[in-house]
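One structure below.
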Amino acid sequence: TGWWDHVGPAPKDPILGVTEAFLADPNPEKINLGVGAYRDDEGKPLVLQCVRNAESMISGTEFLESLSSSVSLRLVEESAKLAYGEDSDAIKEQRYAGVLALSGTGACRLFAEFQRRFYPKSHIFLSSPTWSNHHNIWRDAQVPERKFRYYDPDSKGLQFATLIDDIKHVFIEKGMFSCMQNAPDRSFFLLHPCAHNPTGVDPSEEQWREISYQLKKKNHFPFFDMAYQGFASGCLDEDAKAIHIFLDDGHLVGCAQSYAKNMGLYGHRVGCLSVLCADAKQAAAIKSQLQQIARAMYGSPPVHGLLLVSTILTDSKLKRLWKTEIKDMAKRITGMRVVLREKLEKLGSAHNWQHITDQVGMFCFSGLAPEHVDQLAKEFHIYMTHDGRISIAGITSNNVDYVANAIHEVTR
Ligand code: PMP
């Protein structure tokens, strides 16, 4: 037999598969509501002005070598400030271990590896549902996953009481049966601090306080995956509020940050992983461990995107511009939610579409069934993931009528 005869194709990625189907469709009216990348009102990818300005500022710099450690330190610190707050004690006391990572995915992967190394028997608790790649990332790091219930298909909102129950007792599904089992203390919980993917459902401030309280009671470790900071409210600080609540409660937390969405740097893969520690000495030790893991995986990250981000974060004018551009992106998305809901209501849809405007961030968990999703693709050339997740960023003033009408037709 040949060397690779036993290797079959990997299962299709549910998100990348949508793009494939979209690209294969020759119809010029086709619309891709699958991919989680921001589009402007013309449906085009947006290069932020702050990025263009930063690009011209760094052009000609000698960046063929890896980033100088002072630039990299500064960028990690600026990232930590975005997550933990400008005046956070953890930063003042240097109680955080931070490393630059290959965007949000790479930051999660580094943390998963770190978790397995130092808590080899631990699980990762993921919300049901969550971003599909979370399953792959922790599986490849050989950390078994458990789930906690999160989304309520009936209200299309948060299943809050059940979520709290699942923090106290873990929900185990065994085939057709399910049972409750005491959650082992000191488990790892992955939380989306804002703009939950795929549901668009975020806990309220009060609910976050309760989640924080319950996790603390069980001594669980909260790991925040913050891929969309700014996209929920339009404000970076507001979107980090959940993390601040946990800090106030005295948690040590971890955080994966991505600049893919909020700086529109998808392809540059700029991100940061940070872990809060008891003191500066522990932080130095953990940082060295994270660096070692990264070194064996990919050496060091590419520098161009890092330089763009560090230029923006360390120049007060550019940073201000960035914040207004985030606000504009978030505003367009919120606006499209309102228009889509209004159009569906005007068409006389018998369904309740309030969740379109209740949910936040780039995605709307529409409640469309897999049959609806198939029919939208086949008859209307509108593409989205099978779970009915709509990327609101794919909706524009020009196509919102067409999208609303198509959704109305398939749900009549
Ligand atoms: N976490 C979540 C919840 C996401 O939705 C994404 C992107 N889809 C990521 C992490 C990672 O994104 P990236 O690696 O592009 O920064």
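Values computed for the structure shown
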item: Neighbourhood net charge (15 Å Cβ-Cβ; Lys/Arg +1, Asp/Glu -1) for Asp152; result: -3
item: Region 70-106 residues near the modelled Ala285 label - backbone nitrogen below 17 Å, point 7 Å along Cα→Cβ; result: 94-98
item: Quotient of Cα Rg and 2.2 N^0.38 Å for region 242-379, N being how many residues it contains; result: 1.47
item: Euclidean distance between Cα centres, region 1-57 to region 132-148, Å; result: 23 Å
item: Percent of beta bridges antiparallel (DSSP, the chain, rounded to nearest 5); result: 60 percent
item: Computed log₁₀ I(q)/I(0) - Debye formula, equal Cα scatterers, no solvent, region 11-116, q 0.11, 0.13 Å⁻¹; result: -0.64, -0.85
item: For Tyr266, Tyr96, order by how many other beta-carbon atoms lie within 10 Å, fewest first; result: Tyr266, Tyr96
item: Candidate aspartates and glutamates for bridging to Lys121, where Cα separation is under 17 Å - those fewer than 8 sequence places away on the same chain excluded; result: Glu113, Asp140, Glu145, Asp185
item: For region 312-412: relative contact order, % (alpha-carbon pairs under 8 angstrom, 6 or more apart); result: 29 percent
item: Sorted by Cβ neighbour density within 10 Å, fewest at the top, the residues Thr1, Thr19; result: Thr1, Thr19
item: Residues Cys235, Cys50, Cys277, Cys108, sorted so that the one with the fewest Cβ neighbours within 10 Å comes first; result: Cys235, Cys277, Cys50, Cys108
item: Region 238-280 and region 206-230: distance between their alpha carbon centers, rounded to Å; result: 12 Å
item: Semi-axes of the equivalent ellipsoid for the chain, Cα gyration tensor, largest first, Å; result: 33, 27, 22
item: The chain: relative contact order as a whole-number percent, Cα under 8 Å and 6+ apart; result: 25 percent
item: Relative contact order of region 1-113, defined on C-alpha pairs under 8 angstrom at six or more residues apart (%); result: 11 percent
item: Hz values of 3J(HN,Hα) by residue in region 340-354 - Karplus curve (6.51, -1.76, 1.60), Gly and Pro given as x; result: 4, 5, 4, 5, 4, 5, 5, 6, x, 4, 7, 8, 8, 10, 4
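Read the figures in this text as sums done on the coordinates, not as results from a lab. Bear in mind the structure is a predicted one, so any value in this text is a computation, not a measurement. No Cβ is skipped: glycine too gets one built from the backbone with ideal geometry, and neighbour counts run over all protein chains shown.
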